[in-house]
Amino acid sequence: GRSVSFLTGLQSTTEKNQAIEAFKGGLTNTLVSNPAAGGTGVSLPEAKYAIYYTKGFSASHFEQSEGRNYRAGSAIHDKVTQFHLESTNTIDEVISQVLLDKREVGETLLSWAKRLKEVGLDTDKCNK
């Protein structure tokens, strides 16, 4: 059977911590959350699977969410299987594409900054 903990934006910090600890400690074997609910600093390497039934428009919330389950060098596991549930011809498809586009823009900007640094341009001075 399944025992479930929930992690939502409506919970107090104490309630969130209790849900996380119940999952980590094996009191529940399923943790239902949304990408933004965990916040910064939440680590869930015990999870082998992540099922996304909803996504927000925030690329940083989504990337943080992905990182909660998989930690490089983790002794628990070397991969996390992700499932993304979305219906065709819905806003879900648009949000997924927006997140992919944001990720590509971010990677491009970081690549450009690295290249500028390699050729000797000080990118810190570009901000002024």
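The values are calculated or read from the model by the stated rules, or taken from the named source; none is laboratory data. Note that the coordinates shown come from a computational prediction; the quantities given were computed from them, not determined experimentally. Cβ coordinates were reconstructed from backbone atoms using ideal geometry, including for glycine residues, and neighbour counts include every protein chain displayed. With ligands, DNA and RNA removed, areas are computed over all heavy atoms of the protein, side chains included. Shrake-Rupley method; radii C 1.70, N 1.55, O 1.52, S 1.80 Å.
In the stretch 49-62, which residue that is assigned to a loop (DSSP other than H, G, I, E, B) and open to solvent by 60 Å² or more (accessible area, probe 1.4 Å) is farthest from residue 102 (Cα to Cα)? Within the stretch 49-62, the match that is farthest from residue 102 (Cα to Cα) is 53. In the stretch 1-48, the qualifying residues are those that are aliphatic (A, V, I, L, M), part of a loop (DSSP other than H, G, I, E, B) and open to solvent by less than 70 Å² (accessible area, probe 1.4 Å), and the one that is nearest to residue 92 (Cα to Cα) is 36.
The residues in the stretch 12-51 that are touching a strand residue (DSSP E or B) at 6+ places or on another chain (Cβ under 6 Å), of a type in the set (Ser, Thr, Tyr) and farther than 18 Å from residue 2 by Cβ can be counted, and the count is 0. Contact annotation: residue pairs with Cβ atoms under 9 Å, 6 or more positions apart or on different chains, pairing a residue in the stretch 92-114 that is part of a helix (DSSP H, G or I) with a partner that is open to solvent by 90 Å² or more (accessible area, probe 1.4 Å), are 92/85; 95/57; 98/57; 99/57; 102/57; 113/126.
Exactly one residue out of 72, 19 is at pLDDT below 85 and of a type in the set (A, V, I, L, M): that is 72. Scanning the stretch 1-16 for residues that are charged (D, E, K, R) and at pLDDT below 85 gives a single hit, 2.
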